[in-house]
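First the structure, then my questions, so here it is.
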Amino acid sequence: MSIVYKRRSIRKYQKKDVPDELVKEVIRAAMHAPSACNQQPWHFVVIKDAETRKKVAEIHPHAKMILEAPVAILVCGDPSLEKCKGFWVQDCSAAVENLLLRAAELGLGAVWCGVYPREDRVKSFQKLLGIPDHVIPFALVPMGYPAEQPILEDRFKPERIHYEKW
């Protein structure tokens, strides 16, 4: 569990490439996330090209760190793969969390930048990356070797726990 407590959003990266094997490993972890009815309604777009990353920074106002990150992974949901309708968002959220945890475990830094449900971002990513209309860009995860070490904090708040009823 220590990786859960140590993982933090990293927005500054070293000028060092991330090997393809590590990119595949974090996506492998993402694909091992739980999903409703084991539907696994996800797709992943790996973004490394500097020009594409510049365009992404123009599309997403809170993803400027992608200019420093050597790689980003766009997690997409595909509702056409759903067996249990309406759960693709939860499934993709679990995949992103697995990806973030595995990245941290491998010594990489990453940050979750929301795309869905912002329609302008969804459409812009679909257009930029040639994503089919039925596949929904969900979250962008810029990733690289950390060039910062955010302070660890205990986020446990017992006052937010309710037993049996509110």
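As a test of the definition: which semi-axes, in Å, follow for the chain when you take the square root of five times each eigenvalue of its alpha carbon gyration tensor? Largest first, please.
Values: eigenvalues 117, 104, 46 Å².
Values for the chain, descending: 24, 23, 15 Å.
Given 0.36 nm per residue, what is the gain on full extension from K15 to M31 after removing their alpha carbon distance, in nm? Please report the intermediate quantities before stating the final value.
Details: separation 16, 0.36 × 16 = 5.76 nm, distance 2.77 nm.
Once the chain is fully extended between K15 and M31, it gains 3.0 nm.
Along each principal axis of its Cα atoms, how long is region 60-118 end to end? Whole angstroms, biggest number first, please.
Cα spread of region 60-118 along its principal axes, largest to smallest: 37, 28, 13 Å.
For region 1-66, count all C-alpha to C-alpha pairs, find those more than 18 Å apart, and express that count as a whole percent of the total.
Working: 1245 of 2145 pairs.
When every Cα pair of region 1-66 is considered, 58 percent fall beyond 18 Å.
While we're looking at this one, here's another question. Can you tell which of A30, A94, I10 lies farthest toward the positive end of the dipole of the chain, using +1 and -1 charges on the Cβ of basic and acidic side chains (Lys, Arg; Asp, Glu)?
I10
Next question, about the same structure. In the chain, carbon and sulfur make up what percent of the accessible area (probe 1.4 Å)? Walk me through the intermediate numbers first.
Values: 5220 of 9840 Å².
Carbon plus sulfur share of accessible area: 53 percent.
Over region 1-117, average the accessible area per residue using a 1.4 Å probe and give it in Å², no decimals.
Values: 6070 Å² over 117 residues.
Per-residue value: 52 Å².
Over region 1-88, what is the mean sequence separation of C-alpha contacts under 8 Å (at least six apart), divided by residue count, expressed as relative contact order in percent? Please list the in-between numbers first.
Details: 91 pairs, mean separation 31.6, N = 88.
36 percent.
From the cross-link list K85/K157; K12/K85; K6/K85; K64/K123, which pairs have alpha carbons spaced over 30 Å apart?
Working: K85/K157 33 Å; K12/K85 37 Å; K6/K85 34 Å; K64/K123 19 Å.
In this structure, K85/K157; K12/K85; K6/K85 lie more than 30 Å apart at Cα.
The values are calculated or read from the model by the stated rules, or taken from the named source; none is laboratory data. Model, not experiment: these values are computed from the prediction. Positions of Cβ are backbone-derived with ideal geometry, glycine not excepted, and every protein chain shown enters the neighbour counts. The protein model used for the area step is the full one, side chains on, heavy atoms only, and it has no ligands, DNA or RNA in it. Shrake-Rupley method; radii C 1.70, N 1.55, O 1.52, S 1.80 Å.
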